[in-house]
Amino acid sequence: MLRSAGLSPVAESTYLTLIRRGGARVAELADRMGLSEARVRRVVALLEREGFVHRTPPPGERIVPVPPELAVEQLIRRRYAELELTREAAHRLAAELRGRTSNRRTEDLIEVVSGRAAVGRAFERVQRSARREVRVLVAPPYAARSPVNATQFDREAAGVVYRAVYDSTALEDPEVAAGVAAHIRAGEQARLAVALPTKLAVADRTLALLPLSWTAAAHHAALLVHPCGLLDALIALFETVWSQATPLTAGGLDRAPESGDISAEDRELLALLVAGFTDEAAGARLGISRRTVVRRVRALMERTNSRSRLQLGWQAHERGWL
């Protein structure tokens, strides 16, 4: 009945006995409860401390119960006061933590990871730490084997969303393209961009992996970035690239390339534009005007149902025009 107020079974039983049968001396109460006097004295001390009983003046000291409504009301007030003190302590602790966080040393914000195995474990750590989303930039060079990420499949099964932006060169290698298609079929949201600036993996807003140097065979070094200004900048970088990238579907990767369905002039024009030539520079190289370049590009976009030149470049690669 009163255990939710923090009373032990023996203390509750003792208090209820006093309520039902009236006050008593310690020896008499011990007889009623079938306990030793020493045990009863300890229980009475606890009840007195919690405000459930009081003692009459000696001689003839008796243990008298405090009316339940009064005892419980006093207990509630004390608990509220204790909770308020706890709340104040929590606020002080939080303020202290914020102060420490704002003055954290660089090594607390950024970890340097060296070696292929260590970087691999760091990438695993980033993925395992995500609770909502993993954001990835996949830039060249690519691993020698097909880049199928088994951990990604596990995390997606646990409800973690993956968003990935692939460099357009990812579609040049059949094995790499097959790995990309496998991830998309498993639920990954994928997009394609030209000339990604770096590789990157970000877990929610808590941890990021930024490779510093790598080769096709291995990653040599990387940074693990904890919440700080650099992490915010890396997230902003991803979102900027994502907003400008072209949606990529597994169906598009599976379609057989079309060839022999574009003029040599248009093929050369597309190659120049994908290589980064401006309309004026491409026109000068081909001996045509900028207006002609714009007209031919617009015609190719309509032909491939492309909404942007970036998407046109992807469509051209997909169809085997480049």
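Quick notes on this structure:
- Between segment 195-212 and segment 286-322, the Cα center-to-center distance that results, in Å: 31
- 3J(HN,Hα) along segment 195-209: 6, 4, x, 6, 7, 6, 9, 10, 9, 6, 10, 10, 7, 9, 10 Hz, from the Karplus curve 6.51 cos²θ - 1.76 cosθ + 1.60 with θ = phi - 60°, whole Hz, x for Gly and Pro.
- Long-range HN-HN contacts of Glu172 with modeled amide H, under 5 Å: none
- With contacts taken as Cα pairs under 8 Å at a separation of at least 6 residues, the chain carries a relative contact order of 13 percent.
- Over all other residues within a Cβ to Cβ distance under 12 Å of Ser243, the charged ones net out to +1, with Lys and Arg as +1 and Asp and Glu as -1.
- The orientation-averaged projection of the convex hull spanning the C-alpha atoms of segment 108-254 amounts to 7.8 square nanometres.
- Alpha-carbon Debye profile of the chain, log10 I(q)/I(0) at 0.08, 0.09, 0.10, 0.14 Å⁻¹: -0.60, -0.66, -0.73, -1.06
- Restricting segment 293-322 to trypsin sites (Lys or Arg not before Pro) in coil, as DSSP defines it, with at most 14 other Cβ within 10 Å: Arg307
- Here segment 264-318 has an Rg and Dmax of 10.2, 28 Å, counting Cα atoms alone.
Throughout, read-outs are computed from the coordinates displayed, never taken from laboratory work. Source: prediction; values computed, not measured. Note: ideal-geometry Cβ built from the backbone for every residue, glycine included; neighbour counts use all protein chains shown.
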